[in-house]
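J.: Structure incoming, see below.
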Amino acid sequence: MQANNLFSPVRFGWYMRKHLQDNYRLYGMSVIVLTVLSLALLLLSTTDNFSIKASGLMPVFFIGMYATGLIFTSLCFAELGNKQQGIDYLLFPASHLEKFISTLLVTTVGFLLLYHVAFYLAYQMMDFIIYTKKSVHIVNDLKEFAVDTPWQYFYSIWFVAQAFMLLGAVYFQKYSFIKTIFLLAVFLFCLYLVNTLFVLLFFGKILDEWYSHFPFIVVQIQKGVTAEGEVHDLLIIPETLQQIFRFAAQYLLPPILWTLAYVRLRDKEI
Amino acid sequence: MISIQNLSFSYRKNKPLFENLNLQLEAGHIYGLLGKNGAGKSSLLKHIAGLLFPNAGHCKVLGFESRYRQPAFLQNIFMVPEEFYLPQVSIKSYVSTYAPFYPLFDKKAFYNYLEEFQIPMDQKLTEMSYGQKKKVLISFALASNTKALILDEPTNGLDIPSKSQFRKVIAAAVSDEKCIMISTHQVRDLDNLIDSIVIIDNHKIIFRQDVETVTDRLLFSTVTNIADTNKVLFSDSSIRGHAVITPNEGAQHSKIDMELLFNAVLDKPERITQIFN
């Protein structure tokens, strides 16, 4: 029977099983390391003078999620940098899409799941330590935190950063994390410079300062001079356009970057 | 089975490795790919396996363009690279996770090959030596029953008894449906094993003949005095005398000396190929 050359659910299941069997030790150890690291950071970030609230631990939670998640993603194609492992990976009889989706799932769903488990364990341990020392529990104010803080954006931005990191991981097998961050910074800086050119072209003399703009969103201009001094105005793009941009950044940018990474993976040579 | 047409490839600009290389390999044969260091043996095998992409031309295996590495292609080709990777699992786990991807995998044959190579079944891959791991991989490659089997320097790292075991299992594994290609620079390891010789040099395939045709046309002998021998195409002197290649005008039978043939083809390609045209 002719094999499905794009995607076969059965073969994908086998491939995931193979991936987990090859890496379960690594993932198991990662949970332990993440738990210990999170606990250490939580203990270091709190002091004895204040009552400890769960919301106060959230910066550590998100910083940890970004740092470890992005480093983990940057290493996900490291095997392609190793000749032996790279040959094994590329010649394994699964489609590029199956291989890519398994990596994508492991670095998004798999990582987030393990990270949340590890952080929850660290949280419970910390609660136990505090209770042993002070006979009080950590105050769980996460409901208020969820209402007051746009926490969803932290996840959305994480997915965008993860997608950039995944693309970088396919391109660079060595020092992928550093190279990707560097190139992303260069790209954003160039984007800012291009936007500066257009802003100077469109607004010229009425532009407040050459740098007083945020690409594609807002420009600060001078409206005139009164007795009190200069009058400035902020020109912001319409709300609908802002929503379109937000939607594109949240829901279109990661899939586009993932697609580019997939295309690059298909063209990989060793 | 394997069709390479006008393949051109270079790692660097203006430094071509292959230029309009053509090669057809059929099922039912064991091909020996010979060449000097850096001639491009491994690169050619990588093109066949789809690990490298041609700058121009085509490389097809069973009608599949290798570079696309489609599952239907990958489950019909197995490559044992010179430097290989095996995961840190037991043999049993390795088979249970890898074998389902090869529809024609024969578990019984796999364990028979391991037995032939004297590999303990209960030993973990991590606890094995390089040579033992290689034998596990060769066993798996043979048991996968892929139509194309590519072995890059398979005898490297094998001890002397293992080399003869290797020849034995490969000879037993060949069938009318399989095409086996072995690249090596240790030509003596392939004695009595390969039935076709492919020599690559100077960006091209410069020699491709069946062993039978070679022994029909050329006579391999050892003489004490080279001056007594007529029409010597190539000779190599040693303490035992002079190994010589002469045209086989009397239809005599001789055993092929692959090392001598290889050196002769590289040294005097025109004279040797003239005999086969």
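The values are calculated or read from the model by the stated rules, or taken from the named source; none is laboratory data. Please read all numbers here as calculations on a predicted model, not as lab measurements. Cβ placement follows ideal geometry from the backbone for every residue including glycine, while neighbour counts extend to all protein chains displayed.
J.: Which one is farthest from the other protein chains (Cβ to nearest Cβ) among residues in the range B:90-110 that are closer than 16 Å to B:Lys124 by Cβ and part of a helix (DSSP H, G or I)?
T.: Taking the range B:90-110 as the starting set, the residues that turn out to be closer than 16 Å to B:Lys124 by Cβ are B:90-98.
Filter again for part of a helix (DSSP H, G or I), leaving B:91-98.
Details: B:Ile91: 13, B:Lys92: 11, B:Ser93: 6, B:Tyr94: 9, B:Val95: 12, B:Ser96: 8, B:Thr97: 4, B:Tyr98: 7 Å.
So the residue we want is B:Ile91.
J.: Considering only the range A:195-204, I want to know if a residue exists there that is under 22 Å from the mean Cα position of the chain (by Cα) and exposed (fewer than 11 other Cβ atoms within 10 Å of the Cβ).
T.: From the range A:195-204, those under 22 Å from the mean Cα position of the chain (by Cα) are none; that's our starting set.
No, the range A:195-204 has no match at all.
J.: Mind checking which residues of the range B:35-52 are buried (at least 17 other Cβ atoms within 10 Å of the Cβ) and in a loop (DSSP other than H, G, I, E, B)?
T.: Once the filter is applied, which keeps residues that are buried (at least 17 other Cβ atoms within 10 Å of the Cβ) and in a loop (DSSP other than H, G, I, E, B), the range B:35-52 yields B:Ala39, B:Gly40, B:Gly50, B:Leu51, B:Leu52.
J.: Further, regarding this structure: Consider A:Gln162 carefully, then state whether it is assigned to a loop (DSSP other than H, G, I, E, B), closer than 24 Å to A:Tyr24 by Cα and in contact (Cβ under 8 Å) with a residue 40 or more places away in the chain. Reasoning before the result, please.
T.: On the way: assigned to a loop (DSSP other than H, G, I, E, B): no; closer than 24 Å to A:Tyr24 by Cα: yes; in contact (Cβ under 8 Å) with a residue 40 or more places away in the chain: yes.
For A:Gln162, the condition - assigned to a loop (DSSP other than H, G, I, E, B), closer than 24 Å to A:Tyr24 by Cα and in contact (Cβ under 8 Å) with a residue 40 or more places away in the chain - is not met.
J.: With respect to the numbered conditions (1) part of a helix (DSSP H, G or I); (2) without any contact (Cβ under 8 Å) to a residue 40 or more places away in the chain; (3) farther than 30 Å from B:Ala49 by Cα, which one is the sole condition not fulfilled by A:Thr259?
T.: It is condition (3) that A:Thr259 fails.
J.: If the requirement is being within 30 Å of B:Phe105 (Cα to Cα), touching a residue at least 60 places away in the same chain (Cβ under 8 Å) and of a type outside the set (Ser, Thr, Tyr), which of these qualifies: B:Lys178, B:Lys204?
T.: On the way: B:Lys204 fails: within 30 Å of B:Phe105 (Cα to Cα).
After ruling out the rest, the residue left standing is B:Lys178.
J.: Being β-branched (Val, Ile, Thr) and surrounded by 13 or more Cβ atoms within 10 Å (Cβ to Cβ), is that true of even one residue in the range A:164-172? Before you say what the answer is, go through the steps one by one.
T.: Within the range A:164-172, the subset β-branched (Val, Ile, Thr) is A:170.
When the remaining residues are screened for being surrounded by 13 or more Cβ atoms within 10 Å (Cβ to Cβ), the result is A:170.
Taking every residue of the range A:164-172 in turn, at least one turns out to be β-branched (Val, Ile, Thr) and surrounded by 13 or more Cβ atoms within 10 Å (Cβ to Cβ).
J.: Tell me, please, whether a residue that is within 12 Å of chain A (Cβ to nearest Cβ) and either within 26 Å of B:Lys108 (Cα to Cα) or assigned to a strand (DSSP E or B) (or both) can be found in the range B:18-27. Quick ask: steps written out before the conclusion?
T.: Step one: of the range B:18-27, the residues within 12 Å of chain A (Cβ to nearest Cβ) are none.
Among the residues of the range B:18-27, not one is within 12 Å of chain A (Cβ to nearest Cβ) and either within 26 Å of B:Lys108 (Cα to Cα) or assigned to a strand (DSSP E or B) (or both), which makes the answer no.
J.: If you don't mind, another one. Just to verify a result, which residue in the range A:219-255, among those that are in contact (Cβ under 8 Å) with a residue 60 or more places away in the chain and among the aliphatic types (A, V, I, L, M), is farthest from the other protein chains (Cβ to nearest Cβ)?
T.: A:Ala249
J.: Now for a separate question. Kindly list the number of the only condition in (1) in contact (Cβ under 8 Å) with a residue 40 or more places away in the chain; (2) surrounded by 14 or more Cβ atoms within 10 Å (Cβ to Cβ) that fails for A:Tyr89.
T.: Every listed condition holds for A:Tyr89 apart from (1).
J.: Are any residues in the range B:87-101 of a type in the set (Gly, Ala, Ser) and without any contact (Cβ under 8 Å) to a residue 12 or more places away in the chain, and if so, which ones?
T.: Of the range B:87-101, the ones of a type in the set (Gly, Ala, Ser) are B:90, B:93, B:96, B:99.
Selection gives B:Ser93, B:Ser96.
J.: Working carefully through the options A:Tyr15, A:Tyr24, find the one that is modelled with pLDDT of 90 or more, within 13 Å of chain B (Cβ to nearest Cβ) and more than 30 Å from A:Leu184 (Cα to Cα). It would help to see each step written out before you state the result.
T.: Values: A:Tyr24 fails: modelled with pLDDT of 90 or more.
Every option except A:Tyr15 fails the conditions.
J.: Examine the range B:127-140 for a residue that is out of contact with any Pro (no Cβ under 6 Å at 6 or more places or on another chain), modelled with pLDDT under 90 and either part of a loop (DSSP other than H, G, I, E, B) or surrounded by fewer than 16 Cβ atoms within 10 Å (Cβ to Cβ) (or both), and state whether such a residue exists.
T.: So far as the range B:127-140 goes, yes, one or more of its residues are out of contact with any Pro (no Cβ under 6 Å at 6 or more places or on another chain), modelled with pLDDT under 90 and either part of a loop (DSSP other than H, G, I, E, B) or surrounded by fewer than 16 Cβ atoms within 10 Å (Cβ to Cβ) (or both).
J.: Continuing with the same structure: Report every pair of residues separated by at least 6 positions or lying on different chains whose Cβ atoms are under 6 Å apart, first residue within the range B:251-262 and closer than 9 Å to B:Val187 by Cβ, second in a helix (DSSP H, G or I).
T.: Listed by first residue and then by second, the contacts come to B:Met258/B:Val187; B:Glu259/B:Val187; B:Phe262/B:Val187.
J.: Considering only the range A:57-153, give the helices (runs of 4 or more DSSP H) lying wholly within it that have at least 1 residues that are within 14 Å of another protein chain (Cβ to nearest Cβ), within 30 Å of B:Ser43 (Cα to Cα) and of a type in the set (Phe, Trp, Tyr).
T.: Numbers: elements: A:58-74, A:83-90, A:96-105, A:111-134, A:142-148.
Correct list: A:83-90, A:96-105.
J.: Every residue in the range B:59-86 that is without any contact (Cβ under 8 Å) to a residue 60 or more places away in the chain and among the acidic types (Asp, Glu), please.
T.: Keep residues of the range B:59-86 that are without any contact (Cβ under 8 Å) to a residue 60 or more places away in the chain, which gives B:59-60, B:63-74, B:83-86.
Scanning the range B:59-86 gives B:Glu65, B:Glu83.
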